[in-house]
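Shown next, in structure tokens, is the structure this report addresses.
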Amino acid sequence: MIALHEEHGEVVASWVRLGYRSESVVCFDRHLDLKPLARAAAARLEHLDGEGPIGAENRRLPIREVAGSYGLDDFYAAGAALGLVSRLTWVRATREADSPAARRRLLGALSAIAAEPDVLDATRFDELGALHTRVCGLDLVIHTPATFGAGAQDPHSRVDLDLDWFADVRTGQDHQPDELLDLLDRHGLLGNVDSMTYSVRSGFLPEARRDLAPALAGALGRGTLQRERDAIPLPEATFTALRGEGGGPVPLDRYEAELSPLGPVGTALLGLLHLRTSGDVDQAGRCWHEAAEAGCRSSWLAYGIGLSHYRTESFAAAGEWFCRATGERTDTIEVKSSFLAALCTLRTGAYEEAHRALLEFAGSHPLHADAARLAAGLGDRLGIERQPWLSRQIDAQQQLLGKGAAG
């Protein structure tokens, strides 16, 4: 039976049930669900064993501020921490051809993931254009469908399907089931499909495409089994508005009624609604402070407020909000906020302080070519001698991406 899930983080319990041990997993997914775990979450997982206790650590709502060790965006890091998965091959939902620009975009997307200092030594593009690196305790290979089909694959890999690979709520259907089946067949992986995820509840797959699960299972000659889990009812009106969907405005009391049971997390979501639906930065800020006083320092909301100030060139205010969003720099929003906070410092004219911030950021995020380039260029203008490690990092980035990547 193929394990069927509503949200992708639920697959961790399935891995435990199936007896995964340091497995190689091929994942077809629209998104790279690979964010590092928070330190407290990693520490909790160290002491857990068994499907029940580990599955209970999955967040009950697809928001990082909700209690739990992992969710739909960082469950692969949880799999690595638990010793369940050691290698991830991600097949992107794209038909983009290999090019220098495509490689820069791909590495740029990875650059917000916290990585070890020697990550550049493990990072390369192969002759097909697939990217190889190591992050979050996993050997990671990133393919397009074309490069996955053309290259050799491990026939012992387990296969994980997020059904949003086929269809997106905004762009429609990108890939056909026959395309996936052909790719798996080429590498002898048709019998290795262990799991599928709808991703409807979290807003990535259209509700109408739930039919993909039985269609694929039937084509594989398999059945499916979905195990229900304890989850918080989704605030539907709120999520619809945040995604920019729906037929028009919903009365504010409707939002407040469905968000009130969520406590400070609901307050943070209300702040996001004010920001997204009316651009009310002041009300969003009040919601952030109220939620923070109750124990929820929402990076998501603080980042959004920071961006609003940045767009109006209010760089001092933007920098303050980006600093509030930085947190542990595990979530990619936190990492982006840290970099943008340094840019705000630069825009306010505090050049030496900005150089220190950019230098620190570049050192802790070796894949971030923009940070290395800015730190080096600003240091040169200030007459500060370039540190040897920064020169080596820029050289490695240039070898990956070609001239102009940094320097």
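The values are calculated or read from the model by the stated rules, or taken from the named source; none is laboratory data. Everything quoted here is computed from the prediction, not taken from an experiment. When we count neighbours, we look across all protein chains shown, and the Cβ atoms used for this are built from the backbone with ideal geometry, even at glycine. In case anyone asks, the SASA skips ligands and DNA or RNA and just uses the protein heavy atoms, side chains included. Shrake-Rupley method; radii C 1.70, N 1.55, O 1.52, S 1.80 Å.
To keep it simple, each residue is scored yes or no on (1) over 26 Å from Cys136 (Cα atoms); (2) touching a helix residue (DSSP H, G or I) at 6+ places or on another chain (Cβ under 6 Å); (3) among the basic types (Lys, Arg).
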position: Leu307; (1), (2), (3): yes, no, no
position: Glu313; (1), (2), (3): yes, no, no
position: Ala318; (1), (2), (3): yes, yes, no
position: Thr326; (1), (2), (3): no, yes, no
position: Arg329; (1), (2), (3): no, yes, yes
position: Glu334; (1), (2), (3): no, yes, no
position: Ser337; (1), (2), (3): no, yes, no
position: His355; (1), (2), (3): yes, yes, no
position: Leu358; (1), (2), (3): no, yes, no
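Restricting attention to segment 83-99, does a residue exist that is open to solvent by less than 20 Å² (accessible area, probe 1.4 Å), without any contact (Cβ under 8 Å) to a residue 40 or more places away in the chain and farther than 27 Å from Glu10 by Cα? It would help to see each step written out before you state the result.
Just the residues of segment 83-99 that are open to solvent by less than 20 Å² (accessible area, probe 1.4 Å), to begin with: 84-85, 88-89, 91.
If we keep only those that are without any contact (Cβ under 8 Å) to a residue 40 or more places away in the chain as well, we get none.
No.
What are the pairs, 6+ residues apart or on separate chains, where a residue within segment 34-56 that is touching a residue at least 12 places away in the same chain (Cβ under 8 Å) has its Cβ under 9 Å from a residue that is part of a helix (DSSP H, G or I) and among the charged types (D, E, K, R)?
That search, which allows pairs on different chains as well, returns Glu51/Arg17; Gly55/Glu10; Gly55/Arg17.
Please report, ordered by residue number, the helices (runs of 4 or more DSSP H) entirely within segment 188-260 with at least 1 residues that are within 19 Å of Asp178 (Cα to Cα).
On the way: elements: 212-220, 236-242, 252-259.
The qualifying helices (runs of 4 or more DSSP H) are 212-220.
Considering only segment 40-95, how many residues are in a helix (DSSP H, G or I), basic (Lys, Arg) and within 17 Å of the chain's Cα centre (by Cα)? Quick ask: steps written out before the conclusion?
Initially, segment 40-95 is screened for residues in a helix (DSSP H, G or I), giving 40-46, 51-55, 75-81.
When the remaining residues are screened for being basic (Lys, Arg), the result is 44.
Next, only the ones that are within 17 Å of the chain's Cα centre (by Cα) stay: none.
Residues in segment 40-95 being in a helix (DSSP H, G or I), basic (Lys, Arg) and within 17 Å of the chain's Cα centre (by Cα): 0 in total.
Gly383: buried (at least 22 other Cβ atoms within 10 Å of the Cβ) and of a type in the set (Gly, Ala, Ser), yes or no?
Considered against the rule, which asks whether it is buried (at least 22 other Cβ atoms within 10 Å of the Cβ) and of a type in the set (Gly, Ala, Ser), Gly383 comes out as no.
Within segment 153-172, count every residue that is open to solvent by 10 Å² or more (accessible area, probe 1.4 Å) and either over 24 Å from the mean Cα position of the chain (by Cα) or aliphatic (A, V, I, L, M) (or both).
Here the count works out to 5.
Looking at segment 87-95, is at least one residue farther than 13 Å from Phe148 by Cβ and of a type in the set (S, T, N, Q)?
no
Within segment 173-191, is there a residue that is within 21 Å of the chain's Cα centre (by Cα) and surrounded by fewer than 19 Cβ atoms within 10 Å (Cβ to Cβ)?
Looking for residues that are within 21 Å of the chain's Cα centre (by Cα) and surrounded by fewer than 19 Cβ atoms within 10 Å (Cβ to Cβ), one finds at least one in segment 173-191, hence yes.
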